[in-house]
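> Pasting a structure below so you can have a look.
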């Protein structure tokens with residue numbers, strides 16, 4: 001087995017990152033939900049105030065996977081953490097613990113910065129991912145559920161005058 005190399009994503013990785021996100025969306029049956037473009041990733045991930053970071057996994061110089069993440073903060077714990085937005089491993093490299101290595105590296109970097117927790121969401125139908133996270137000790141929260149508002153509904157909500 002070849003060695004896995006982990007490195008921060010760079011602006012010249014944007015097309016590869018975007019392509020991986022599209023494959024992830026297809027894998028979970030939600031490709032139609034992805035409206036981002038490589039330019040969006042370039043603008044918001046690699047500018048003066050990046051909204052996210054990426055960690056890239058490579059095997060023999062070939063893209064094997066990624067973890068896209070950003071800092072979060074718990075007011076209840078009074079400590080920072082990290083939110084994993086996307087974790088993706090190329091099909092041909094699955095079973096080599098690449099996803100685990102990516103998550104552990106991000107957790108290690110978070111801890112070094114004073115962080116005390118990691119949070120992520122899992123597609124409700126992705127039983128393989130749920131089992132993977134459970135094996136790593138990343139359990140589901142029985143007292144939370146994700147709520148969201150997007151698109152036109154979000155714009156209408158944001159643009160409604162405060163009373």
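> Go through segment 129-163 residue by residue and tally those that are within 16 Å of residue 86 (Cα to Cα) and assigned to a helix (DSSP H, G or I).
Total meeting the criteria: 4.
> Considering (1) surrounded by fewer than 16 Cβ atoms within 10 Å (Cβ to Cβ); (2) within 16 Å of the chain's Cα centre (by Cα); (3) farther than 17 Å from residue 121 by Cα; (4) touching a residue at least 12 places away in the same chain (Cβ under 8 Å), say which one residue 40 fails and leave the rest.
(4)
> Does segment 31-42 contain any residue that is over 23 Å from residue 116 (Cα atoms) and touching a strand residue (DSSP E or B) at 6+ places or on another chain (Cβ under 6 Å)?
No, that holds for no residue.
> Any idea which residue in segment 49-87 is farthest from the chain's Cα centre (by Cα), counting only those that are under 18 Å from residue 26 (Cα atoms) and buried (at least 22 other Cβ atoms within 10 Å of the Cβ)?
64
> Follow-up question, since we're still on this one. Which members of segment 17-37 meet the condition of being at pLDDT 90 or above, assigned to a helix (DSSP H, G or I) and surrounded by fewer than 16 Cβ atoms within 10 Å (Cβ to Cβ)?
19, 22, 23, 26
> Restrict the check to segment 18-31 and report whether at least one residue is touching a helix residue (DSSP H, G or I) at 6+ places or on another chain (Cβ under 7 Å) and closer than 28 Å to residue 144 by Cβ.
Checked segment 18-31: at least one residue is touching a helix residue (DSSP H, G or I) at 6+ places or on another chain (Cβ under 7 Å) and closer than 28 Å to residue 144 by Cβ.
> Let me ask something else about it. Can you tell me how many residues in segment 2-16 are in contact with a strand residue (DSSP E or B) (Cβ under 9 Å, 6 or more places away or on another chain) and either at pLDDT 95 or above or assigned to a strand (DSSP E or B) (or both)?
Total satisfying the criteria: 9.
The values are calculated or read from the model by the stated rules, or taken from the named source; none is laboratory data. As the structure is a prediction and not an experimental result, all values here were calculated from the model. Virtual Cβ from ideal backbone geometry, glycine too; neighbours counted across all protein chains shown.
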